[in-house]
1. Take the chain, drop everything but the C-alpha atoms, weight them equally and run the Debye formula without solvent; then report log10 I(q)/I(0) at 0.07, 0.15 Å⁻¹ to two decimals.
2. Over the chain, what relative contact order in percent results from Cα pairs under 8 Å that are six or more residues apart?
3. Probe 1.4 Å, all protein chains in place: accessible area of GLU12 in Å², nearest 10?
4. Among VAL123, GLY29, ALA109, whose Cα lies farthest out toward the positive end of the dipole of region 1-147, if unit charges sit on the beta carbon of Lys, Arg (+1) and Asp, Glu (-1)?
5. Taking 2.2 N^0.38 Å as the expected size of a compact globular protein, what ratio does the Cα radius of gyration of region 147-208 give against it, to two decimals?
6. Please report the accessible area of HIS8 (heavy atoms, 1.4 Å probe, ligands and nucleic acids excluded) in Å², nearest 10.
7. What dipole magnitude, in Debye to the nearest 20, does the chain give about its Cα centre under +1 on Lys/Arg Cβ and -1 on Asp/Glu Cβ?
8. Rolling a 1.4 angstrom probe over the protein chains, ignoring ligands and nucleic acids, what is the accessible area of LYS74 in square angstrom, nearest 10?
Amino acid sequence: MFSEDELHDLAESIKAEGQHEPIVLDADGVLLDGRNRLAACEIAGVQPRFTTYTGDDPMGMILSLNVYRRNISKGQQAMIVAMARLFSEHSLRDHAKLHGLSLTRISNAVTVLKHSRHIAEQVRTGTLSLDAAYSTVREHKARSAALQAQHDRLREHAPDLAEQVTEGLITLDDATAALDERQEEERLRKHVGDADALRLADGDTAPPLAQLVEQGHLTWHQAHQDAEQFRADRQDAIHRARQALQLIAENWAAVQDLAARSGTAYARDILDGLAPEARSLAQSLTTLA
């Protein structure tokens, strides 16, 4: 409908110049087009002029008259088409071709209409652009999807927290934070447990880190840091041992030569020039050689 000022302007025009376009009724007297003209005639005190629609597609006629009005935007046209589509068997593509509108624009209008009739009505009346409405709807849908994902995650991993949210005992954000904390602790427990198992397999007799946490000597985060340090130190020790053994392998011929000359002046001169630790190692290796 026109605003009050627009209706009064139209009433003055009808009073001065007459009613240019008739008001359209169907065969049963139902108003199809011209409600602003009818209201203006009543304001002007002029007897309205009617015509009867005799075709077989009243919805199509209404749609055509509304879509092609000069004072509405493409977004409004698309929304009118989207609303009329509820009473039409035509596809979106057919409507786009029929009314000279882009398929994307009509699809966006349909999305807005499905999400919120109130927002769609704002687009139809021109108080909100289709682009702005579509952006708003996309944001609403994204937020709804995110909230649904939070609920689904709670129901899957923490039914007790999900029930508390449902009963209003805790907020969704607080429940999600509590679940995050649980899962982080579970991750730390597993990492620390794996490190304890590895230390035990290596022959380490120190108390397990998990045991120290349970006794209150460490937090799970501290135990995790110690487990990480253990893994790093272990890997470094393995690397150094490999390098040392590789050097021995590369020089094994010298060890074999020393073993073959055991008890000779040559062997004594070699051993006398070594540090005690190296001399002990050489003696052990020559025994193996």
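1. Normalising to I(0) and taking log10 leaves -0.62, -1.16.
2. The value is 8 percent.
3. Using a 1.4 Å probe on the heavy atoms, I get roughly 110 Å².
4. ALA109
5. Ratio of Rg to 2.2 N^0.38 Å for region 147-208: 1.62.
6. Accessible area, nearest 10 Å²: 80 Å².
7. For this selection, approximately 980 debye.
8. 100
The values are calculated or read from the model by the stated rules, or taken from the named source; none is laboratory data. Values in this document were obtained by computation on a predicted structure and should not be read as measured data. Cβ: placed from backbone, ideal geometry, glycine included. Neighbour counts: every protein chain shown. These area figures cover heavy atoms from the full protein model, side chains too; ligands, DNA and RNA do not enter into them. Shrake-Rupley method; radii C 1.70, N 1.55, O 1.52, S 1.80 Å.
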